[in-house]
Amino acid sequence: MFEGKTLWQIFNMGGFTMYILLLCSVISIGVILERLRTYYFRSRLDRKSFMAKIKAYVEKDESEKAIRECAAENSPIARVVLAGLKNYRHEEKVISSAMEREIMVETVKLEQHTSIVGTIGNIAVYIGLFGTVVGIVSSFHNISKIGSGGISVVIGGVSEALICTATGLLVAIPAVIAYNYFIRRVDNFVTEMEYCSSEMIEILGSRNK
């Protein structure tokens, strides 16, 4: 069936649906690479050593150094801690609220574009099935117009149409895996931020007493 055909010729057998799936694949890969890069660079900060350093600064009443330390780090936990430090002299409730707002802001940033991958993972299979149905309908229509063709012709048309379904699965599976991974990473980030927020309340609360 596909003997002697190039990859591009096989691709074109699937019809216009293949171009939609190709676009989905390019977008999905682009978002996956961008998110992986973002999560890598924003997770390099070691929470324990960072919080120990911030605690030491606060205990020495060197809050400005602690603020500069947070501002120098491109990490969600550093941003949350910074929000708490900027309200250093306020009540515990004000400090807590400031850090909670920052957690929400950072969570939105971490979730950015992940829904695109999730959507592609959900719809790619259906786009492929749509292409397959269109291909099968077109195949039977051509057979009815010609008025001839046995089972081999029907099988040939169906096999060409099924390329769309196979491609849809090829696009959807990595997208679903990546989306689930992203959700897990975001949950881990949120847990880290909440832990640092709780720790900062204790550090600043004990210092303000």
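The values are calculated or read from the model by the stated rules, or taken from the named source; none is laboratory data. The structure displayed is predicted, hence computed values, not measured ones. Here Cβ is always computed from backbone atoms with ideal geometry, including for glycine, and neighbour counts include all displayed protein chains.
When the range 158-183 is filtered for residues that are among the small types (G, A, S), buried (at least 21 other Cβ atoms within 10 Å of the Cβ) and modelled with pLDDT under 90, only A161 remains. Considering I183, I177, I203, the condition of being assigned to a helix (DSSP H, G or I) and over 23 Å from the mean Cα position of the chain (by Cα) is satisfied by I203 alone. The set of residues in the range 52-107 being outside any helix (DSSP H, G or I) and farther than 16 Å from E202 by Cα consists of E62, A72, E73, N74, S75.
This table checks each residue for (1) within 26 Å of the chain's Cα centre (by Cα); (2) closer than 30 Å to F130 by Cβ; (3) acidic (D, E).
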{"position": "S28", "(1), (2), (3)": "yes, yes, no"}
{"position": "I32", "(1), (2), (3)": "yes, yes, no"}
{"position": "I67", "(1), (2), (3)": "no, no, no"}
{"position": "N74", "(1), (2), (3)": "yes, no, no"}
{"position": "L85", "(1), (2), (3)": "no, no, no"}
{"position": "Y88", "(1), (2), (3)": "no, no, no"}
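Quick one: count up the residues across the range 38-65 that are within 26 Å of the chain's Cα centre (by Cα) and among the polar types (S, T, N, Q). So the count comes out to 2. Looking at K93, K86, just one residue is surrounded by fewer than 14 Cβ atoms within 10 Å (Cβ to Cβ) and on the phi < 0 side of the Ramachandran plot, and that residue is K93. Find the residue count for the range 17-56, including only residues that are within 17 Å of I183 (Cα to Cα), charged (D, E, K, R) and touching a residue at least 12 places away in the same chain (Cβ under 8 Å). Qualifying residue count, the range 17-56: 3.
Evaluated against (1) at pLDDT 90 or above; (2) within 30 Å of M13 (Cβ to Cβ); (3) over 18 Å from the mean Cα position of the chain (by Cα), G131 falls short on exactly one condition, (1). Scanning for something among the β-branched types (V, I, T) and part of a loop (DSSP other than H, G, I, E, B), does the range 8-28 turn up at least one residue? Looking through the range 8-28, none of the residues is among the β-branched types (V, I, T) and part of a loop (DSSP other than H, G, I, E, B). Within the bounds of the range 60-75, is there any residue that is touching a Ser or Thr at 6+ places or on another chain (Cβ under 9 Å) and touching a residue at least 60 places away in the same chain (Cβ under 8 Å)? Scanning the range 60-75 turns up no residue that is touching a Ser or Thr at 6+ places or on another chain (Cβ under 9 Å) and touching a residue at least 60 places away in the same chain (Cβ under 8 Å).
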